[in-house]
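Here is the structure we will look at.
Laboratory data are not the source of any read-out in this text; all were calculated from the coordinates shown. Computed from a predicted model, the values in this text were never measured in an experiment. A quick note on method: Cβ atoms are made from the backbone with ideal geometry, for glycine too, and the neighbour counts reach across all protein chains shown.
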Amino acid sequence: PPRQLVRGVVVIDPGHGGNDPGTWPRGISALPEEAINLDIGVQVAHHLTQRGVRVVMTRGSDTYVSLDRRADIADRALANLFVSIHADSAHRKSASGLTVHIHTRATTTSQKAARCILESCRRAGIETRGMLTNNFHVLREHERPAVLIECGFLTNREDAIRLNSSSYRATLATVIAEGIANFLSQ
Ligand code: ZN
């Protein structure tokens, strides 16, 4: 069936970039975190745009954007949702799966968005670790509903292999966009 158009403004924030490659455990991930974040972010933006959502990207190439600037973009866009995209790392190599973070003092709107994204991942059979609260700068320094997605662990062998695969990143982008569209439609 034809998909219904979805209204809203979403800021997509691919983490890191420029002189900040993000977490990059050599030998496990060929791609730096920033490139994985950017590729997924650009594809999420594309899917949302196709569904009628107005999308603003905090960066569209491998460039440095400060955390304050990213938060400022969320406020200026009057975003219905700010979505920061990252890949995780941990000392424990067995840690795996996708996590959605919201701010410690997040509103129920941000919680709803996190649940929609996690629900979409679970339906697609993607391993999730659930919702966590955190005091991340890009979740705290603006007034808009916000989530930060850690798409998997670059320190975990299986997650790293998946996140280095363009077909997995394409699937994940579709699934994340679906979750965001469901949130906007509620
Ligand atoms: Zn990161």
Distance (nanometres) between label positions extended 7 Å along Cα→Cβ at Asn164 and Thr109
4.0 nm
Cα gyration tensor category, rounded, prolate or oblate, for the chain with a/c compared to 1.5:
rounded
Once amide H atoms are placed 1.01 Å from N in the peptide plane, what residues at a sequence separation of 5 or more from Met57, or on another chain, have their amide H within under 5 Å of its amide H?
Ile12
Give the Rg/Rh ratio for the range 10-65, taking Rg as the radius of gyration of the Cα atoms and Rh as the Kirkwood radius, to two decimals.
1.04
Report the net charge of residues surrounding Glu141, where surrounding means a beta-carbon distance below 15 angstrom and charges are Lys +1, Arg +1, Asp -1, Glu -1.
+1
Note, ³J(HN,Hα) from phi for the range 46-63, Karplus 6.51, -1.76, 1.60, rounded to Hz, x at Gly and Pro:
4, 4, 5, 4, 4, 8, x, 6, 8, 10, 10, 9, 6, 7, x, 8, 7, 10
If you take every residue apart from His86 with its C-beta less than 14 Å away from the C-beta of His86, what net charge results, scoring Lys and Arg +1 and Asp and Glu -1?
-4
5 Å is the cut-off here: which amide hydrogens, built 1.01 Å from N in the peptide plane, fall below it relative to Gly52, excluding neighbours closer than 5 in sequence?
Val6
Let me have the 222 nm mean residue ellipticity of the chain computed from DSSP H runs of 4+ only, each contributing -39500 (n - 2.57), with the sum over all residues rounded to the nearest 500.
-12500 deg cm²/dmol
Which percent, to the nearest 5, of DSSP beta bridges fully inside the chain are antiparallel?
15 percent
List, in order, the whole-Hz ³J(HN,Hα) value for each residue of the range 172-180 obtained from phi through the Karplus relation with A = 6.51, B = -1.76, C = 1.60 and θ = phi - 60°; use x for Gly and Pro.
4, 4, 4, 5, 5, 4, 4, x, 5
Say each of Gln50 and Thr174 gets a label point 7 Å from the Cα, pointing the same way as Cα to Cβ; how far apart are those two points in nm?
0.9 nm
Output the relative contact order of the range 3-70, whole-number percent, from Cα pairs under 8 angstrom with separation of 6+ residues.
47 percent
HN-Hα J couplings of the range 5-15 from phi, Karplus 6.51/-1.76/1.60, θ = phi - 60°, integer Hz, Gly and Pro as x?
5, 10, 8, x, 10, 10, 9, 9, 10, x, x
So for R0 = 35 Å, FRET eff. of Glu127-Gln186 from the Cβ-Cβ r, to 0.05, ends up at 0.90
